[in-house]
Amino acid sequence: MSFPRSDHCNGKTFFYPGGRAERGPSEVLRWKLTSRPTPWPQWVDYTLPSAPPASFPGQITATWIGHATFLLQTPHGNFLTDPVFSDRCSPFSWLGPHRVHAPGLAFEALPKIDGVLLSHDHYDHFDLPSLRRLARTHDPVILAPLGHRQLLANRGISRVIELDWWETHAWAPDLTVTLTPSKHWCRRLPGDTNHRLWGGFWLSGLGRNVYFLGDSGYDPNLFVEIGRKMGRPDLAFIPIGAYEPHWFMCSAHMNPAEALQVHRDLGAHQSVAMHWGTWQLTDEGRDEPVRDLVQAQALANVAPQAFRVLDPGQSLSV
């Protein structure tokens, strides 16, 4: 498969123009040989809603389901970001990181899903059982970066719109969706590294901007550029977890202090933490991202309500 050549594609594979985001085998081995992961709880109970919140005219309501999965209720339809409802984020149902809390909304409780925003192909963001189930029961349009259409078509999912970085899709006359760059990488199987693009999604419409960042390492220029091109987000979903050991993870993931800096680089009115507390993917403890974010907010004199941490099933509206 070939793609247009650009500052992030050589025609066959993609890359981050600021430097390599993926780690090599020797670096992976070094991490695994020195890893001292903090134990996580086997299970965390939350009081979860039985149904999504009421959607009010002119508002966008976001409900955190877990990790990078949000339900976005908008006047132009309902969206899911990186939907994962499976117990494990893994190519196998019996092996790999297991979920430590139930989804914030049960799959059966979802309203009609019109669109899916799919940021990249890693298993904690791209869950084929969930996507196939959504295709059967809701038949949504899936917006994804370049290279994902064939992967989905091979699994019987055909309603896919691919976007390149900075490319915009007109979802409705007053709602557009733009794929934004991020510092990350892709791989599902050995040998297919960066055969697909990755990114975040910017929704503009109804006088509001909503930004779903996806996965990214921190780049001091990237998010300033996104804010300059796209404006200030009224609501930004920013990852705060999967960052230890920092020497290994920093090329593709952010720690909470870096996530807070993204909030400031963007000039976001309201940010929400994601990508923490659902699966143990790295060495930090389950609650460390939240504690580190609170500490970073205090040091930077950023009000807690400006960058919020939701429990699974909690919602907010803009």
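The values are calculated or read from the model by the stated rules, or taken from the named source; none is laboratory data. None of the values given here were measured: they were computed from a predicted structure. Cβ placement follows ideal geometry from the backbone for every residue including glycine, while neighbour counts extend to all protein chains displayed.
Descriptive notes on the structure:
Residues checked against (1) among the polar types (S, T, N, Q); (2) touching a Gly at 6+ places or on another chain (Cβ under 7 Å); (3) surrounded by fewer than 18 Cβ atoms within 10 Å (Cβ to Cβ):
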| residue | (1), (2), (3) |
| --- | --- |
| SER86 | yes, no, no |
| LEU95 | no, no, yes |
| ALA102 | no, no, no |
| LEU117 | no, no, no |
| TYR123 | no, no, no |
| ARG133 | no, no, yes |
| ARG136 | no, no, yes |
| PRO145 | no, yes, no |
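- Candidate set from the stretch 52-65 (those that are closer than 17 Å to PHE85 by Cβ and surrounded by fewer than 24 Cβ atoms within 10 Å (Cβ to Cβ)); member that is farthest from the chain's Cα centre (by Cα): PRO52
- For the stretch 235-247, residues that are free of Cβ contacts under 8 Å to residues at least 40 places away in the same chain and either farther than 23 Å from PRO37 by Cβ or buried (at least 17 other Cβ atoms within 10 Å of the Cβ) (or both) total 1.
- Lone qualifier among ARG5, ARG20 - being surrounded by fewer than 16 Cβ atoms within 10 Å (Cβ to Cβ) and at pLDDT 90 or above: ARG5
- Qualifying residue in the stretch 162-175 (condition: closer than 27 Å to ALA135 by Cβ, assigned to a loop (DSSP other than H, G, I, E, B) and out of contact with any strand residue (DSSP E or B) (no Cβ under 7 Å at 6 or more places or on another chain)): yes
- Top-ranked residue of the stretch 275-318 - restricted to ones that are acidic (Asp, Glu) and in contact with a Pro (Cβ under 9 Å, 6 or more places away or on another chain), ranked as farthest from HIS98 (Cα to Cα): ASP292
- Scanning the stretch 221-234 for residues that are in contact with a Ser or Thr (Cβ under 8 Å, 6 or more places away or on another chain), touching a residue at least 40 places away in the same chain (Cβ under 8 Å) and surrounded by fewer than 23 Cβ atoms within 10 Å (Cβ to Cβ) yields a count of 2.
- Any hit, the stretch 27-47, residues being assigned to a loop (DSSP other than H, G, I, E, B), on the phi > 0 side of the Ramachandran plot and in contact (Cβ under 8 Å) with a residue 40 or more places away in the chain: no
Per-residue answers, yes or no, for (1) more than 18 Å from the chain's Cα centre (by Cα); (2) small (Gly, Ala, Ser):
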residue: PRO4; (1), (2): yes, no
residue: TYR16; (1), (2): no, no
residue: ALA21; (1), (2): no, yes
residue: TRP31; (1), (2): yes, no
residue: THR34; (1), (2): yes, no
residue: VAL44; (1), (2): yes, no
residue: THR47; (1), (2): yes, no
residue: SER93; (1), (2): yes, yes
residue: GLY96; (1), (2): yes, yes
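- Residue match in the stretch 19-35 (condition: in contact with a Pro (Cβ under 8 Å, 6 or more places away or on another chain), more than 27 Å from GLY217 (Cβ to Cβ) and of a type outside the set (Phe, Trp, Tyr)): no
- Residue pairs whose Cβ atoms lie under 9 Å apart, separated by 6 or more positions or on different chains, with the first residue in the stretch 196-220 and within 16 Å of GLN270 (Cβ to Cβ) and the second part of a loop (DSSP other than H, G, I, E, B) and of a type in the set (Lys, Arg), are ASN209/ARG232.
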